[in-house]
Amino acid sequence: AVFPGGYDTLSAKSAVQAGFELAFVSGYAVSATYIGEPDIGLLTQTEIVERARRICRAVEIPIIVDADTGYGNALNVARTVRELIDAGAAGCFLEDQQWPKRCGHMRGKRVVGRDEYLARIRTAVDARGDSDFFIVARTDAIADGGLDEAVARVEAARAAGAAAT
């Protein structure tokens, strides 16, 4: 599926008007428009959740939110998922970078170990409970561990309950 990334209610409404049936809250776009900086871990969980809440209230299409690494340890990942569900989000992207993270298109990305990454995914799956909240497991392992490691991670993330990779 092709769907646009937005950063505020206007960009989300523009996506709807253009005929898209799904959109996502882009961490890079929110960071750039909110604080004028790239997506390098400067935004907080609260700032992303609140931006997502406003966007979800403004449109009737499903919104998936860039939740970075989940903003901390397993407790933070679980809280992030619950807060995004409460905000009306349809799902989130969770990535495997170390904190502070770097934009996916930037050099110098470093990922956590596979076990830690999969623990993030399992925590998110558990936190969503019986809801249909969509978890997208994202990896930057190709830059830090090669193609075979990236493929192994996404396959394991699917097995752990991620809906997409």
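What follows draws every value from the coordinates through simple rules; no lab data is involved. None of the values given here were measured: they were computed from a predicted structure.
What list of ³J(HN,Hα) couplings, whole Hz, do you get for segment 130-135 from phi and the Karplus terms 6.51, -1.76, 1.60, once you set θ to phi - 60° and write x for glycine and proline?
In residue order, the calculated couplings are 8, 5, 9, 4, 8, 10 Hz.
Regarding the chain, what is the average projected area of its C-alpha convex hull, in nm²?
Values: hull surface 34.9 nm².
Over all viewing directions, the chain projects a mean Cα-hull area of 8.7 nm².
Per residue of segment 79-86, in order, report the coupling 6.51 cos²θ - 1.76 cosθ + 1.60 (Karplus, θ = phi - 60°) as ³J(HN,Hα) in whole Hz, putting x for Gly and Pro.
5, 4, 4, 4, 5, 5, 4, 4
Could you state the principal axis extents of the C-alpha atoms in segment 81-145, from the largest down, to the nearest angstrom?
36, 22, 17
Which residues' amide hydrogens lie under 5 Å from the amide hydrogen of Val65, considering only partners 5 or more residues apart or on another chain, with H built in the peptide plane?
When sequence neighbours closer than 5 places are left aside, the close amide H contacts are Val25, Gly91, Cys92, Phe93.
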